Amino acid sequence: MSKGEIVAGCLAPHPPHLVYAENPPQNEPIAEGGWEQLRWGYERLRESLADVEYDAIVLLSPHWQTYVGTHFLGLPKFKNLSVDPVFPNLFRYHYDLDIDVELAQQIHDRAADAGLAVTMMKNPDFRVDYGAITTGHMFNPAWDKPLVVISSNRSRDYYSVEVMQEMMIELGRVTREAILASGKKVVVIASNSLSHRHFTTESAIPEDMSKEHITSHAMHLWDMRMIEYFRTGQAQRILDEMPEFTEQAIAESDGGGLSWLLSTLDVPTYPGILHGYGTIIGTGNAIVEWPARNHKEASE
Amino acid sequence: MSDGELIGSYIVPVHPHTVLAPEQNEGWGRLREAYDTAAQRIKESGADLLIIYSTTWPSIIGHQIIADPNPEWVMVDHDFHELGSIPYSFNIDEKFAHAWNQANEKRGLKSRTVAYHGFPIDVGSVVALKLLNPDNAIPAVIVSSNVYANRAETTVLSKACMDVVKATGRKAIAITAMSLSNRMFTKPIEPKDDRIHSLKDDEWNRKILELLGEGRLEDVGQLSRTIHRQIRVNKVVAFKPMWWLSGMNSNRNNLTGEVLAYEALHGAGGAVVHLDPTPSGAGDIEYDEDDVEYFAGERNVLDGAQSENQEIESLSVESPLEVPQKNGPALWEPTESKDSVNSEAAPKPVGAYPHARRVGDLLYLSGVGPRQPGTNAIPGGPIHDADGKPLNYDIKAQTQAVVDNITRILEEAGGTINDVLDVTSFLVDMDRDFQGYNEVWAETLGQVGPTRTTLAIRALPTPIAVEMKVIAKAPKTE
């Protein structure tokens, strides 16, 4: 079997507003547009990967929140209606997704061997969280690639950002090992926003872009600082500053996705490509691609 | 129709073990038996409404209330999916849900109803309703727990709910679906090995239950922040349910409490507690904060440069309500004369005049604005800051506060709002505010029927948008 490969790593946020604004047939509510900068960012990400062959998408979603370890979707197919419990007016999406159970099991087993608490989720009634569905749709609206969906272990809530990061770096390491051993070509995705302070009101027309901006200057500064590290290949600095960023920007990196992603990419020293940045109900969201396929030497 | 009332309150655990696996652990079984006892008591109480505040349904845009009359789906817990699935089909009182939503808005809260096919009812609500109302005989409503809500907002939420309970003559049961300590084991365990995660958590849980067993609900409410720091995992939803439940019970501290069970659920503290409104004589109320009637705070409680204690600090100050001392003229004591009527429950004047004056059969009120007595706060927010910079404000909240102040002055004179004969209203921005002002008028003074004149003026002495000049019938004197 040939060696597996991570062809790209992506930061790909999941606010349901992006699906809402796009009006795909799977989603019930209808919008007049909105959040174009981010949706065009997703377009650029898709175009960047259009000619890249890969077999599966491995995605960590902060909205499947688990407190008893890390869980993996463990059945080949999940089909249901996903209704966002926070923005049900925007997101009621009929999904039908395929799971690469084999790869999920391989990552699970390596994580278990490494001492992490892990569980395969095999209840067919389980409703996949809207974060995974939103990012899944925006990244690959054709849904023609199987997914591995990993829960967000809330160890940051139980311990600290430092403990969370330690666990997620370990999970990233075994994720990478499992992918390389699998013989498959894979895209890895962390589905999270950057700064994560919401507005607590919603305009009468949710897609009214005249109301959209970052919640505070401090959030903007943190987002730009992180993006500058993304763009200049300074992943280690991101990890180093993760506790301050997560706490001060109330960042959604608290779910562990960004730490896991950077670890899975072996802490890249090459630049990430910023495909887009924008705010959604006040939160900061960046779409970033690390084109690992072009930097194989970096991690050999 | 007689006034509605709260006829009981329950605190119940959220995890699915009591529904799906009570036989796997003796403690889980005892919690299930307590749930069944509570269900039987509710059935025998004559309750016609169950009101659930669930900590496992976080919301961001204010509070959300389920208004689908018959939500149906299958619930699977994010962590404990191996225990199985819980199909549900509930009987929701959609009319009450909509009325509560409107009552929330009247009290300045952000709120909306949710009635979408397939909306995922949260695990805490599903467990509570499945076990407390197994045959769906009693209609229910469910409200979310807003992640940014502070104590004032959560308390006002309960007051809005009770407005509707009273107005609709309901005999309601309030239920908080919640854990006590919520630290679970972070690895799978055998059911037989379940216990409270730590001795410290257990000790705090027992102290909370001791207070609740004595009916001292408000004391637990006042300890909420301490409890959160001591035994709560730092999730976004703080230990707010005691604020809501205490508010539902008029912040009473002398209920009759009974702890039906207390056990571990994967390490977290789960308890079934019954709080009966019958006075126990246990404790006195020492309400430690302003008794907020309207929520006017914008909720940017977290800013990048602020500490994690910011939310706590903001809770005790209610700063958005307060008019900075330099934002408006100095306040005066109301003048006294033979026919004057002055009220401690009305805001202080901005000049040398009384709140009202009795002349023959008539009562002439000085111009009444929305400022709150004591705090000088402006419900709905001031129209500009101390530097004159315009601010966004809620004209409906301001108008409602004006009507309330008028009511207080009339009550001081021995009358009621129904005595109002003629009103002259002053608005500083007719184009912006007339509609909202008019809506509140229609629901309040419009029901009384006084004559009315509405004028646009350039400014009022304090940073308010509306003021009313009232002539009312004077109550007969002895």
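The values are calculated or read from the model by the stated rules, or taken from the named source; none is laboratory data. Since the structure is predicted, the reported quantities are computational estimates derived from the model, not experimental observations. Here the Cβ positions follow ideal geometry from the backbone for every residue, glycine too, while neighbour counts run over all protein chains shown.
When only residues in the stretch A:23-43 that are of a type in the set (D, E, K, R) and over 17 Å from A:Glu212 (Cα atoms) count, which is nearest to the chain's Cα centre (by Cα)? In this case the residue turns out to be A:Glu43. Here A:Gln234 meets the list (1) touching an Asp or Glu at 6+ places or on another chain (Cβ under 9 Å); (2) farther than 27 Å from A:Thr66 by Cβ; (3) more than 14 Å from chain B (Cβ to nearest Cβ); (4) touching a residue at least 60 places away in the same chain (Cβ under 8 Å) almost entirely, failing just condition (4). Taken as a whole, the condition of being of a type in the set (Asp, Glu), more than 7 Å from every other protein chain (Cβ to nearest Cβ) and either on the phi > 0 side of the Ramachandran plot or in contact with a Phe, Trp or Tyr (Cβ under 9 Å, 6 or more places away or on another chain) (or both) does not apply to B:Asp79. Might you let me know whether the stretch A:149-169 holds any residue that is of a type in the set (D, E, K, R) and in contact with a Phe, Trp or Tyr (Cβ under 6 Å, 6 or more places away or on another chain)? For the stretch A:149-169, residues of a type in the set (D, E, K, R) and in contact with a Phe, Trp or Tyr (Cβ under 6 Å, 6 or more places away or on another chain): present. Could you say which residue among B:Val127, B:Val164 is within 16 Å of the chain's Cα centre (by Cα), crowded, with 23+ Cβ neighbours inside 10 Å and outside any loop (DSSP other than H, G, I, E, B)? From the options B:Val127, B:Val164, the qualifying one is B:Val164. Pick out the one residue from A:Ile189, A:Ile287, A:Ile227 that is crowded, with 18+ Cβ neighbours inside 10 Å, more than 12 Å from chain B (Cβ to nearest Cβ) and part of a helix (DSSP H, G or I). Going through A:Ile189, A:Ile287, A:Ile227 in turn, the sole match is A:Ile227.
Residues in the stretch B:170-198 that are of a type in the set (Gly, Ala, Ser) and within 14 Å of chain A (Cβ to nearest Cβ): 3 in all. Residues satisfying the criterion are present in the stretch B:149-157 (criterion: farther than 20 Å from B:His81 by Cβ, within 11 Å of chain A (Cβ to nearest Cβ), among the acidic types (Asp, Glu) and touching a Phe, Trp or Tyr at 6+ places or on another chain (Cβ under 8 Å)). Within the stretch A:51-76, residues that are facing chain B (nearest Cβ under 10 Å) and within 16 Å of A:His137 (Cα to Cα) sit with their Cβ atoms under 7 Å from residues that are buried (at least 19 other Cβ atoms within 10 Å of the Cβ) and among the small types (Gly, Ala, Ser), at 6+ positions apart or across chains, in these pairs: A:His63/A:Gly131.
Taking the criterion of being of a type in the set (Gly, Ala, Ser) and part of a strand (DSSP E or B), the only residue of the stretch B:100-120 that qualifies is B:Ser111. Please specify each residue of the stretch A:277-300 satisfying the condition of being among the polar types (S, T, N, Q) and either out of contact with any helix residue (DSSP H, G or I) (no Cβ under 8 Å at 6 or more places or on another chain) or within 18 Å of A:Ser193 (Cα to Cα) (or both). Listed by number, the residues that qualify are A:Thr279, A:Thr283, A:Asn285, A:Asn294. From the list B:Val402, B:Val420, the lone residue that is modelled with pLDDT of 95 or more and under 25 Å from the mean Cα position of the chain (by Cα) is B:Val402. Among the residues that make up the stretch A:86-99, is at least one of them free of Cβ contacts under 8 Å to residues at least 24 places away in the same chain, part of a loop (DSSP other than H, G, I, E, B), within 14 Å of chain B (Cβ to nearest Cβ) and closer than 26 Å to A:Arg39 by Cα? There is at least one residue in the stretch A:86-99 that is free of Cβ contacts under 8 Å to residues at least 24 places away in the same chain, part of a loop (DSSP other than H, G, I, E, B), within 14 Å of chain B (Cβ to nearest Cβ) and closer than 26 Å to A:Arg39 by Cα.
Here is a yes/no grid of residues against (1) assigned to a loop (DSSP other than H, G, I, E, B); (2) of a type outside the set (S, T, N, Q); (3) at negative phi:
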{"site": "B:Arg206", "(1), (2), (3)": "no, yes, yes"}
{"site": "B:Glu210", "(1), (2), (3)": "no, yes, yes"}
{"site": "B:Gln230", "(1), (2), (3)": "no, no, yes"}
{"site": "B:Asn254", "(1), (2), (3)": "yes, no, yes"}
{"site": "B:Tyr262", "(1), (2), (3)": "no, yes, yes"}
{"site": "B:His274", "(1), (2), (3)": "no, yes, yes"}
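Just one residue in the set A:Leu258, A:Leu274 is closer than 19 Å to A:Val186 by Cβ and either without any contact (Cβ under 8 Å) to a residue 12 or more places away in the chain or buried (at least 17 other Cβ atoms within 10 Å of the Cβ) (or both); that residue is A:Leu258.
Collect the residues in the stretch B:334-389 that are farther than 21 Å from B:Gly414 by Cα and among the aliphatic types (A, V, I, L, M), keeping them in residue-number order. Those that are farther than 21 Å from B:Gly414 by Cα and among the aliphatic types (A, V, I, L, M): B:Val350, B:Ala352, B:Ala377, B:Ile378, B:Ile383, B:Ala386.
Taken together, B:Gly46, B:Gly62 contain a single residue that is surrounded by 18 or more Cβ atoms within 10 Å (Cβ to Cβ) and of a type in the set (Gly, Ala, Ser), which is B:Gly62. Only strands (runs of 3 or more DSSP E) whose full extent lies in the stretch B:1-99 are considered here, and the ones with at least 3 residues that are touching a residue at least 40 places away in the same chain (Cβ under 8 Å) and under 18 Å from A:Pro85 (Cβ atoms) are B:49-59, B:63-66. The number of residues in the stretch A:155-175 being within 12 Å of another protein chain (Cβ to nearest Cβ) and surrounded by 22 or more Cβ atoms within 10 Å (Cβ to Cβ) comes to 4.
Entry remark, the stretch A:60-85: residues being in contact with a helix residue (DSSP H, G or I) (Cβ under 6 Å, 6 or more places away or on another chain) and assigned to a strand (DSSP E or B) number 6 in total. State all residues of the stretch A:237-276 that are closer than 18 Å to A:Gly131 by Cα and either in contact with a helix residue (DSSP H, G or I) (Cβ under 6 Å, 6 or more places away or on another chain) or more than 13 Å from chain B (Cβ to nearest Cβ) (or both); if no residue qualifies, say none. Hits for the stretch A:237-276 are A:Ala251, A:Ser253, A:Asp254, A:Gly256, A:Gly257, A:Leu258, A:Ser259, A:Trp260, A:Leu261.
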